[in-house]
Structures are given as structure tokens and as C-alpha cells.
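For reference, the structure discussed in these notes is given below.
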Amino acid sequence: MTTYTTPAGSAMKRWRTVAEFFTHFLGLPNELDLVKTNASAALTIADAAGGGYARLTTGSSTPADNNAALLTTQGEIFKFDDQHGFVLRSQLKFTPTGGNTDNVLAIGVQNAPTEDNFLADDGAGPRADYWGAGIYKVDGGTTWICEVSAGTTQLTLDTEIAADGSETTFEIEYLAADSVGGYGRVIFRIDGEIVRRPGTFAREPFAPEFSLTSAIEMKGLVGQKTGAASELIVDLNALGWAISLSN
């Protein structure tokens, strides 16, 4: 797997940081919680020259449809507000199953995520009422989808970027400094490129603005859910985030 680096100009470098976390999975981190459906689901460190990487599995013992495994922060440490910006980034790969039945949340923030609701069963995607944002693919889908949710209001974009399982870097950045008039903004990056609306002449960036009214705290997470009765394995080379003051 490739080496994870922080690009020049990244928010992780230029922000006045108040909290940050990064792991290259040289060992199992203590800062993350493993949430799972199948008791045999696990997070292990796989052998790899030049540095290990994490293997997140949904479980090989009696695998079932809609088994889930996810890594979350131990607390709801993120919030869409006018004081704290944040950025989250992951680098992962997986081997797609037949029929593209995989459900994968490559990176996200959500309030009160569980193994049942972080991605709904049977390829239904994120729930209809939550605070958060994510980059994900669903059972039967072949592309990455970006979404911001402010309670019952979702802003969603099919990026038309192939979710073929190849090693990819994902990033979600919340711009607290843009929260003028009680509105915040989120931007998404895939392999370092800002996600744009496909097919538009001006290549318009997908940077949803939304009201911060009633926003609540969220956990950071990465996870997957099976779309068939077979184990799903996602390899994580890196996971990190930073939280900063907006001024």
C-alpha cells in the first residue's frame, strides 16, 4: 500500500489545531472503538513491508447479510458550529464482491452511529435523520457517493467516481470559518481532488452549505456492511483527523 502523506496546503498543516489524531496502523490504536454485528468481526494488523496496515473484517464465522464492522471515535468530538473546523481523512482499499454487494463508508461523521444505522440494511445508504457527512458506496452501486445531513435534510451527490476497491484517499473538511449567518460548509476530496458535480460545464465543486441550527455532536467513523452472506474485508492504511479554532 502507498505511503500516507499530508499534502502541502492541507488544513492539517495550516490550521491552529486544538486536537488531532493520526495512525498508520503500526499497531492497534487505543483511541478507536470497534463496533460489530458478528462476534468474529475484528480489527487486526496485516503484514506489510514498510509499515503495517489494519484489516477490518465483518467476520468469517457464520457470515450473514447485513453484518457490519466499523471503527469510531470514543466520543462525539465533532460538531458543525461556528468555532471549530475539522478535517478527517482515510486511506483504504478492498476487494469488491460479486455483484458489487459491498456497503462501505470510507470516511464520515455521524451522531449516535451504531452497527445497524450508520449504513442501513440492504443497500439503503445512510439513515434519513442524522447530523453528519460521509463518502460511501452501497450494495449494487459502483460509484462513490458524498452526502451531508442536517437532521432530516440531506444533500447528496453521486460523484460517478468508480468505487472499484483500489486504494483511495478520502477527505471530508468542515469549514467553520465559512459559517457566516449561521450556515456551514463541507467539501469532499477523493485522492486529493475536490469532488465536483459531474457533467457540469464549469466543473462546479460540491460544497454544500447548510443551517447550523440544532446541530449536535458527532463521532468520526469508517466502516462496512455486507450485502450478502459472506465476509467483507477492508484494508486501512491510514486514518486521521484534526480539529481547529476557526480564527
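Report yes if some residue within the stretch 50-61 is among the polar types (S, T, N, Q), touching a residue at least 60 places away in the same chain (Cβ under 8 Å) and not in a strand (DSSP E or B); otherwise report no.
There is at least one residue in the stretch 50-61 that is among the polar types (S, T, N, Q), touching a residue at least 60 places away in the same chain (Cβ under 8 Å) and not in a strand (DSSP E or B).
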| When the stretch 25-41 is examined, which residues are found to be more than 16 Å from the chain's Cα centre (by Cα) and either crowded, with 17+ Cβ neighbours inside 10 Å or of a type in the set (Asp, Glu) (or both)? | 25, 31, 36, 37, 38, 41
| query | Where residues in the stretch 70-85 are part of a loop (DSSP other than H, G, I, E, B) and either acidic (Asp, Glu) or closer than 17 Å to residue 24 by Cβ (or both), which of them is least open to solvent (accessible area, probe 1.4 Å)? | reply | 81
| said: For the stretch 115-141, give me the residue count where each residue is open to solvent by less than 30 Å² (accessible area, probe 1.4 Å) and either assigned to a loop (DSSP other than H, G, I, E, B) or among the acidic types (Asp, Glu) (or both). | reply: 5
| query | For residue 160, which of the numbered conditions (1) surrounded by fewer than 22 Cβ atoms within 10 Å (Cβ to Cβ); (2) assigned to a loop (DSSP other than H, G, I, E, B); (3) modelled with pLDDT of 95 or more fails to hold? | reply | (2)
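For every residue, the table says whether it meets (1) at pLDDT below 95; (2) surrounded by fewer than 24 Cβ atoms within 10 Å (Cβ to Cβ).
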| residue | (1), (2) |
| --- | --- |
| 90 | no, no |
| 94 | no, yes |
| 98 | yes, yes |
| 105 | no, no |
| 147 | no, yes |
| 164 | no, yes |
| 174 | no, no |
| Can you tell which of 192, 199 is of a type outside the set (Ser, Thr, Tyr), surrounded by fewer than 21 Cβ atoms within 10 Å (Cβ to Cβ), at pLDDT below 95 and farther than 30 Å from residue 38 by Cα? | 199
| Does residue 176 qualify as being within 20 Å of the chain's Cα centre (by Cα) and among the small types (Gly, Ala, Ser)? | yes
| note | Log entry, pairs with first residue in the stretch 180-191 being on the phi > 0 side of the Ramachandran plot and touching a residue at least 12 places away in the same chain (Cβ under 8 Å), second being open to solvent by 70 Å² or more (accessible area, probe 1.4 Å) and of a type outside the set (Val, Ile, Thr), beta carbons closer than 8 Å, six or more apart or on different chains, reads 182/82
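When the residues of the stretch 210-235 are narrowed to those that are hydrophobic (A, V, I, L, M, F, W, C) and farther than 18 Å from residue 118 by Cα, which ends up surrounded by the most Cβ atoms within 10 Å (Cβ to Cβ)?
This residue is 210.
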| message | Based on this model, can you work out whether residue 62 counts as open to solvent by less than 20 Å² (accessible area, probe 1.4 Å) and either over 12 Å from the mean Cα position of the chain (by Cα) or within 24 Å of residue 189 (Cα to Cα) (or both)? | response | no
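Here is a check on your reading of the model: is residue 152 open to solvent by 10 Å² or more (accessible area, probe 1.4 Å) and not aliphatic (A, V, I, L, M)?
Working: open to solvent by 10 Å² or more (accessible area, probe 1.4 Å): yes; not aliphatic (A, V, I, L, M): yes.
So residue 152 passes the test.
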| Regarding residue 88, is this residue out of contact with any Ser or Thr (no Cβ under 8 Å at 6 or more places or on another chain) and part of a strand (DSSP E or B)? | yes
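The values are calculated or read from the model by the stated rules, or taken from the named source; none is laboratory data. Remember, predicted model here, so these are calculated numbers, not experimental data. So basically every Cβ, Gly included, is an ideal-geometry build from the backbone, and we count neighbours across all protein chains shown. Heads up: the accessible areas ignore ligands, DNA and RNA and are worked out on the full protein's heavy atoms, side chains in. Shrake-Rupley method; radii C 1.70, N 1.55, O 1.52, S 1.80 Å.
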